[in-house]
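Notes for the one structure printed next.
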Amino acid sequence: MRISDAFTRGRPVISFEFFPPKTEAGFESLFRAIAKLKELSPSFVSVTWGAGGSTRTKTVELTARIQDEVGITAMSHLTCIGSTADELGATLAQLRGLGIENVLALGGDAPPDYVKPAGAFSYANELVALVRSRFEFCVGGACYPETHPRAPSAESDLAMLVQKVRAGVDFLITNLFFDNADYFRFVSRARAAGLSQPIVPGIMPIVSTASIRRMTALCGARIPAELERELDRAGDDDECTLEVGVAWATAQCRELLARGAPGLHFYTLNRSPATRRIFQSL
């Protein structure tokens, strides 16, 4: 199934994101988690692409296995970092040969010692253009409600997004955020700039205070003061932190859907319990 078709069916498009485990035991554990989440009938799942293309083979393998063995539409991430245009073309051809119809085209995060290979792309719009010129994929793209951390301004970030979408993006998934006002302001700005594609909010259920603070520092997302206070009260108690995270994300999701968001994309971190609880409460 092409993911873009799911947005025409009149109900929220729900999706989950996973990353390739490092070990075979991790693969099997993940498959058990995905099998449980299949009971929730997600529209699709996505599989991440490691920094610098470090999980290229595992990403392709996991995406294909999810679609073939679990029976859920799967989307592979693909990034510019660490691959030449020819290598990216070869990966895209492999995905098509395996029956994958959907890719998420990303710029990617460069490792600290990254040296751009000759013939590699620098920006996601270049990757989108490659996909469109040679293959028949449904193409997703990323966006940042609170502005990409490397963008000099919100205006320049939106201008780059417009360029990427016009290269051939069918739908957008946002970076994680915790204040819905940021999402709705961003959608209004995107619409004013002429973008009509679905913009799916990305939801990160908090399960660890230390990890979420580390992630938000890297990606530029803001933790609202009220949520900070609740996390501080939870302290090092993982169970309390999980309860805070589930309650906050559930409230986010309720408002987002009530106000017309086209769906929800859950960053699961390969853990199903928090996502399952949020989904079932909705």
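Points to keep in mind about this one:
- Residue in region 135-154 that is in a helix (DSSP H, G or I), more than 16 Å from SER4 (Cβ to Cβ) and modelled with pLDDT of 95 or more present: yes
- Restricting attention to region 1-54, the residues that are part of a loop (DSSP other than H, G, I, E, B), of a type in the set (Phe, Trp, Tyr) and in contact with a helix residue (DSSP H, G or I) (Cβ under 7 Å, 6 or more places away or on another chain) add up to 1.
- Qualifying residue in region 35-54 (condition: surrounded by 17 or more Cβ atoms within 10 Å (Cβ to Cβ) and charged (D, E, K, R)): no
Conditions tested, residue by residue: (1) buried (at least 22 other Cβ atoms within 10 Å of the Cβ); (2) assigned to a helix (DSSP H, G or I).
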site	(1), (2)
GLN163	no, yes
GLY168	no, no
PHE186	yes, yes
ARG191	no, yes
GLY194	no, no
LEU218	no, yes
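- Condition met for ILE203 (under 19 Å from LEU269 (Cα atoms), within 19 Å of the chain's Cα centre (by Cα), modelled with pLDDT of 95 or more and surrounded by 15 or more Cβ atoms within 10 Å (Cβ to Cβ)): yes
- Per the conditions (1) at pLDDT 90 or above; (2) out of contact with any Asp or Glu (no Cβ under 8 Å at 6 or more places or on another chain), the sole criterion not satisfied by SER46 is (2).
- Filtering region 162-169 for residues that are without any contact (Cβ under 8 Å) to a residue 60 or more places away in the chain, among the small types (Gly, Ala, Ser) and within 23 Å of ILE223 (Cβ to Cβ) leaves an empty set.
- Near pairs, Cβ below 7 angstrom, 6+ apart or cross-chain, from region 95-113 (without any contact (Cβ under 8 Å) to a residue 40 or more places away in the chain) to any residue that is in a loop (DSSP other than H, G, I, E, B): VAL103/PHE137; GLY107/CYS80; GLY107/TYR123
- Within region 199-229, if we keep just the residues that are touching a strand residue (DSSP E or B) at 6+ places or on another chain (Cβ under 6 Å) and among the aliphatic types (A, V, I, L, M), the residue that is farthest from PHE7 (Cα to Cα) turns out to be ALA221.
- Yes/no for ALA64 being aliphatic (A, V, I, L, M) and touching a residue at least 40 places away in the same chain (Cβ under 8 Å): no
- Yes/no for GLY202 being part of a loop (DSSP other than H, G, I, E, B) and small (Gly, Ala, Ser): no
- Scope region 95-115; condition assigned to a loop (DSSP other than H, G, I, E, B), of a type in the set (D, E, K, R) and modelled with pLDDT of 85 or more; matching residues: GLU101
- Residue in region 259-267 that is within 17 Å of the chain's Cα centre (by Cα), hydroxyl-bearing (Ser, Thr, Tyr), buried (at least 17 other Cβ atoms within 10 Å of the Cβ) and assigned to a loop (DSSP other than H, G, I, E, B) present: no
- Condition check for THR174: touching a residue at least 24 places away in the same chain (Cβ under 8 Å), closer than 25 Å to PHE16 by Cα and touching a Phe, Trp or Tyr at 6+ places or on another chain (Cβ under 7 Å): yes
- Some residue of region 208-215 being at pLDDT 95 or above and part of a loop (DSSP other than H, G, I, E, B): no
The values are calculated or read from the model by the stated rules, or taken from the named source; none is laboratory data. Computed from a prediction, not measured in an experiment: that's the story for all the values here. Please note: Cβ atoms are built from the backbone with ideal geometry, for glycine as well, and neighbour counts cover all protein chains shown.
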